[in-house]
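Notes to accompany the following structure.
The values are calculated or read from the model by the stated rules, or taken from the named source; none is laboratory data. Here the structure is a predicted model, which means the values were calculated and not measured. Every residue, glycine as well, gets a Cβ built from its backbone with ideal geometry; the counts of neighbours run over all protein chains shown.
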Amino acid sequence: MLGRVFDPRNNALNAWRLVLATSVILWHTWPLTGHEIPPRPITQLLSQVGVDGFFAVSGFLITSSWMRNPQPRSYFTSRALRILPGLWVCVFITAFVIAPLGVLIQRGSVSELMKSGAPAAYVLNNGLMNVLFYPGIAGTPKNIPWPGVWNGSLWTLAFETGCYIVVALLGISSLLKHRWTIPTAFVLTLTATAVFGFPAFAMSTIPQMIARFAVMFAAGALIYQYQDKIPAKWSLVALSLGLLLLSGLLPNYRVLGAIPLAYLVIASGALLKRLNLRNDLSYGVYIYAFPIQQLLVIMGLATLRVFPFFIVATLVTLPLAAMSWFVVEKRALALKKRLRVKAGAG
């Protein structure tokens, strides 16, 4: 069974999250460089599976985290230290390094940008996840296929945080102790995503966003709850992959593909112990790739074909992701452990 196969310290989930984050770079390459978007069945899966896979893994791991240690203070401290330090450094670098560099390349006035106060406002608002209302910095980036947005990936973090809060509320209210809670949540969110839908390439509404991410998080949580009854077999992984590909033909693939995607990532992650990565670069790749891609477009690299641009963007992003992990995120996680020890001693 999956519960026996999955080892929290020896699995491939870090590797899969890195793959998922890298797939987001690939998808963003089309709109950011102005290339023609692929046909809808491909577009729907390519544009959404990367982030949805993240939410499924989070649903599995975060639910597990609360069930192991249902202490709100420890829980929220852990979640904050995992997300916020890396985010804060990223938005600072974007505002005070990447954006000014982009302005300089386009022969604009860096001093005017700095005097405007926009970089500081960007850091403050994006650092607090107020991303939708502060996507750009004083109108930059300009004169590119996707103007006015420096980081079109950060908006999902607010919904991730919302999922964390819901888990805590369900735990504090003792609802998570009941076996019916997570299945009910999954059915409700699946119904919501079927009703609201989600556009493959268009502006989505807040209800559509909530339904999309909630059903994927709930799918991961559902697999966690029934991990002792769900087999971990490669045949089921292959079946899940087939169902996921088939679901791409639907207007909203999650109606059929939510559970298959969650199982595909989590079960294969449990089985592929040789792909255990001690260092998790996925978050850094996810939060740094978009501004790097925008900067590369400003530099004129949008003339490259999609896959060469994707490779260049990935290679430039990886060192920043490594910096984020080793200098910021890993140290923040170490602080979490020290706080846990101190709390235990107190």
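Just to confirm my filter: which helices (runs of 4 or more DSSP H) fall fully inside the stretch 1-105 and include at least 1 residues that are out of contact with any helix residue (DSSP H, G or I) (no Cβ under 8 Å at 6 or more places or on another chain)?
The qualifying helices (runs of 4 or more DSSP H) are 2-5, 13-33, 40-68, 72-93.
Run W155 past the list (1) surrounded by fewer than 16 Cβ atoms within 10 Å (Cβ to Cβ); (2) within 21 Å of P207 (Cβ to Cβ) and report the number of the one that doesn't hold.
(1)
What residue, of P251, P231, is surrounded by fewer than 15 Cβ atoms within 10 Å (Cβ to Cβ) and within 28 Å of R179 (Cα to Cα)?
P231
Can you find a residue in the stretch 303-326 that is closer than 29 Å to G197 by Cα and more than 20 Å from the chain's Cα centre (by Cα)?
Checked the stretch 303-326: at least one residue is closer than 29 Å to G197 by Cα and more than 20 Å from the chain's Cα centre (by Cα).
From L315, L271, L256, L246, which residue is surrounded by fewer than 22 Cβ atoms within 10 Å (Cβ to Cβ), out of contact with any helix residue (DSSP H, G or I) (no Cβ under 9 Å at 6 or more places or on another chain) and at pLDDT 95 or above?
L315
Would you mind listing the helices (runs of 4 or more DSSP H) fully within the stretch 178-268 where at least 2 residues are without any contact (Cβ under 8 Å) to a residue 60 or more places away in the chain and within 21 Å of T63 (Cα to Cα)?
Fully inside the stretch 178-268 and qualifying: 181-196, 206-225.
With respect to L113, determine if the residue is of a type in the set (A, V, I, L, M), modelled with pLDDT of 95 or more, surrounded by fewer than 18 Cβ atoms within 10 Å (Cβ to Cβ) and assigned to a helix (DSSP H, G or I).
Judged against the criteria, L113 is not a match.
Which of the residues spanning the stretch 293-304 are surrounded by fewer than 23 Cβ atoms within 10 Å (Cβ to Cβ) and either without any contact (Cβ under 8 Å) to a residue 60 or more places away in the chain or not in a loop (DSSP other than H, G, I, E, B) (or both)?
Correct list: L295, L296, I298, G300, L301, A302, T303.
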